[in-house]
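Enquirer: Quick one: this structure, given as structure tokens, is what I'll be asking you about.
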Amino acid sequence: MRFSAYLILFFLPFLSHSQVKENKLDIQPTVHWRTFWMSTSYSSEFKDDYALGSSLSLGVKGTFSDRWKIQAAYRGFANIWSSDIWEVDPISGQSNRYETGLFNYLEPGQDLFGTLELLNVSYQTEKWHLAIGRMGINTSWVNPADGRLAPTLMEGASASFTPNSKWKFSGWYINRFLVRGTNRYLPIGESIGIYGSGRGLNGSPSQYVGNTQSDFVSVLQVDFHTKDHKFSLSQTLAQNISSTFWAEWNYNLTNSSKELNWILGAQAGFQHGIGEGGNPDPILRYKDPMDQNWAFSAQGGLQIKKWKLISAFTKTGGNGRWLSPREWGKDAWFTFIPRERNEGFESLTATTFLAEFYPSANWTVYGHLGFHWLPEVQNAAANKYALPSYRQINLGVKYRPSSTPKMDFHLLMMNKEALNADGLTAGQRYNKVGLLHVNLIANFRIQ
């Protein structure tokens, strides 16, 4: 909070000068209301859970002399109705994974809470954009992961330079995160492990939570666009933890009648540990500094009239685990399917299929099918979360009414099953496989 306040106070004289010189001030309100129903059911002996939560963000955007902007927003959260989601499952002895994410992990059981989520100043010209404070970020490995009542946000600074229509150079410096499902900005090290820490390399519970030392996260990115192609190259550096290089190519080709659009893409990544991996003590560290991992992902498909059909494939390998804190966003690879992640493994083979149908401009109906082959659950060094290989199906409907375009609705139903359930313990099934998960989300936005 002090970081954002100091920076904004530093820039206020410049804002005031711009206001007097141009004699122009434009203030716009911002509103984001979201209500979220979530439930998870099991056919086995585990406890079922449900929760109805709501959040309301109220803020302002101010524009000074068409170049300077200031933004602020406060969001409140409420648990309207829920089961005993903070109680452990009596069979597995584990905590609820899904519904608790709607509320405050830092103070479990809190029904009402809030936070000043946005407070930033930005300056923009035809080629430059600079911003300081609390703001959003959306990169390959640090992103909103906006699948709960509010997204993950960052505190720090960002800059981008666009010399022409084809090139863009961007950078971010992050010193704190507002992790979704929490009520305050946390230093980098403290933000890691909020969602669960899994197992250490020796199979015992990880002990890096509260013991991870990292001062900042930086992201450098270069984008190149042509009419049909998009290239992106980035590096995500978590100081004293890891460095992740990521390259992505996307290609879209539309035929002369504009009824058929071909979709192709490829990704390649390399990650290695740096420094002390978060802590000099191997028992307390998050990342082994000797880790070296690679990843490759590809997708291909087409969009024809009201249909989009895409298949994707991902393969990872190397020495040690590919790690990207779940608190910092979703996976970047093309095979990502909402409501599960595939970081924390030494190797991964995944293939997915997506079908989307657009019956009208207001409706989207979609289905996701994925098969994910993971290391054996008994191999703790290669399988951090003891997650078995699984099959996942997502079915969803999105609707935006013409009469109220500021509103939208989203229904998602997800089922996960182990590809081989023989011999799995209760802890290897609860929260992971053999479940039916339902989301119903309503949004209203003014921004």
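Enquirer: Residues in the range 31-39: is at least one of a type in the set (Lys, Arg), more than 23 Å from LEU153 (Cβ to Cβ) and at pLDDT 95 or above? Steps first, please.
Expert: Residues of the range 31-39 that are of a type in the set (Lys, Arg), as a first pass: 34.
Narrowing further to those that are more than 23 Å from LEU153 (Cβ to Cβ): none.
Scanning the range 31-39, I find no residue that is of a type in the set (Lys, Arg), more than 23 Å from LEU153 (Cβ to Cβ) and at pLDDT 95 or above, so the answer is no.
Enquirer: Further question: I'm trying to understand the selection: among the residues of the range 122-140, which are in a loop (DSSP other than H, G, I, E, B), open to solvent by 20 Å² or more (accessible area, probe 1.4 Å) and hydroxyl-bearing (Ser, Thr, Tyr)?
Expert: Narrowing the range 122-140 to residues in a loop (DSSP other than H, G, I, E, B): 125-127, 136-140.
Narrowing further to those that are open to solvent by 20 Å² or more (accessible area, probe 1.4 Å): 125-127, 136, 138, 140.
Of everything in the range 122-140, those that are in a loop (DSSP other than H, G, I, E, B), open to solvent by 20 Å² or more (accessible area, probe 1.4 Å) and hydroxyl-bearing (Ser, Thr, Tyr) turn out to be THR125, SER140.
Enquirer: Could I ask something else about it? Would you check which residues across the range 186-203 are assigned to a loop (DSSP other than H, G, I, E, B), of a type in the set (Ser, Thr, Tyr) and in contact (Cβ under 8 Å) with a residue 60 or more places away in the chain and list them?
Expert: At the first step, the residues of the range 186-203 found to be assigned to a loop (DSSP other than H, G, I, E, B) are 192-198, 200-203.
Subsequent filtering for residues that are of a type in the set (Ser, Thr, Tyr) retains 195, 197.
TYR195, the sole residue that qualifies.
Enquirer: How about the range 176-211: which of its residues are surrounded by fewer than 17 Cβ atoms within 10 Å (Cβ to Cβ), within 23 Å of ARG75 (Cα to Cα) and not charged (D, E, K, R)?
Expert: Of everything in the range 176-211, just one residue is surrounded by fewer than 17 Cβ atoms within 10 Å (Cβ to Cβ), within 23 Å of ARG75 (Cα to Cα) and not charged (D, E, K, R), namely PRO187.
Enquirer: Still on this structure: With the requirement that a residue be open to solvent by 40 Å² or more (accessible area, probe 1.4 Å) and either of a type in the set (Phe, Trp, Tyr) or in a loop (DSSP other than H, G, I, E, B) (or both), what does the range 339-360 give you?
Expert: Hits for the range 339-360 are GLU346, SER347, PHE353, PHE357, TYR358.
Enquirer: Looking at the structure I just gave you, is SER214 among the hydroxyl-bearing types (Ser, Thr, Tyr), within 28 Å of GLN94 (Cβ to Cβ), in contact with a strand residue (DSSP E or B) (Cβ under 7 Å, 6 or more places away or on another chain) and part of a loop (DSSP other than H, G, I, E, B)?
Expert: Numbers: among the hydroxyl-bearing types (Ser, Thr, Tyr): yes; within 28 Å of GLN94 (Cβ to Cβ): yes; in contact with a strand residue (DSSP E or B) (Cβ under 7 Å, 6 or more places away or on another chain): yes; part of a loop (DSSP other than H, G, I, E, B): yes.
Judged against the criteria, SER214 is a match.
Enquirer: Let me ask something else about it. Among residues belonging to the range 278-331 that are open to solvent by 70 Å² or more (accessible area, probe 1.4 Å) and part of a loop (DSSP other than H, G, I, E, B), point out the one that is modelled with the lowest pLDDT. Walk me through how you get there before you give the answer.
Expert: Restricting attention to the range 278-331, the residues satisfying the condition of being open to solvent by 70 Å² or more (accessible area, probe 1.4 Å) are 280, 282-283, 290, 292, 294, 296, 304-307, 309, 313, 315, 319, 330.
Imposing the further condition that a residue be part of a loop (DSSP other than H, G, I, E, B) reduces the set to 280, 282-283, 290, 305-306, 330.
Details: PRO280: 97, PRO282: 95, ILE283: 95, MET290: 97, LYS305: 90, LYS306: 94, LYS330: 96.
Checked the range 278-331; the qualifying residue modelled with the lowest pLDDT is LYS305.
Enquirer: What residue, of ALA350, ALA355, is touching a residue at least 12 places away in the same chain (Cβ under 8 Å) and within 21 Å of the chain's Cα centre (by Cα)?
Expert: Numbers: ALA355 fails: within 21 Å of the chain's Cα centre (by Cα).
Testing whether each residue is touching a residue at least 12 places away in the same chain (Cβ under 8 Å) and within 21 Å of the chain's Cα centre (by Cα) leaves just ALA350.
Enquirer: Identify all residues within the range 374-400 that are in contact with an Asp or Glu (Cβ under 9 Å, 6 or more places away or on another chain) and more than 16 Å from LEU424 (Cα to Cα); write none if there are none.
Expert: ALA381, ALA382, GLN392, ILE393, LYS398, TYR399, ARG400
Enquirer: Would you point out the residue of the range 390-445, among those that are touching a residue at least 40 places away in the same chain (Cβ under 8 Å) and touching a His at 6+ places or on another chain (Cβ under 6 Å), that is most open to solvent (accessible area, probe 1.4 Å)?
Expert: ARG445
Enquirer: Please determine whether any residue of the range 264-276 is open to solvent by less than 50 Å² (accessible area, probe 1.4 Å), touching a Phe, Trp or Tyr at 6+ places or on another chain (Cβ under 7 Å), outside any strand (DSSP E or B) and within 22 Å of ILE188 (Cβ to Cβ).
Expert: For the range 264-276, residues open to solvent by less than 50 Å² (accessible area, probe 1.4 Å), touching a Phe, Trp or Tyr at 6+ places or on another chain (Cβ under 7 Å), outside any strand (DSSP E or B) and within 22 Å of ILE188 (Cβ to Cβ): absent.
Enquirer: Which of the following residues is among the small types (Gly, Ala, Ser), surrounded by fewer than 20 Cβ atoms within 10 Å (Cβ to Cβ) and under 21 Å from LYS61 (Cβ atoms): SER165, SER160?
Expert: Details: SER165 fails: under 21 Å from LYS61 (Cβ atoms).
When all the criteria are applied, what remains is SER160.
The values are calculated or read from the model by the stated rules, or taken from the named source; none is laboratory data. Here the structure is a predicted model, which means the values were calculated and not measured. Cβ atoms come from the backbone with ideal geometry, glycine included; neighbour counts cover every protein chain shown. We work out accessible area using only protein heavy atoms, side chains counted, and drop any ligands, DNA or RNA first. Shrake-Rupley method; radii C 1.70, N 1.55, O 1.52, S 1.80 Å.
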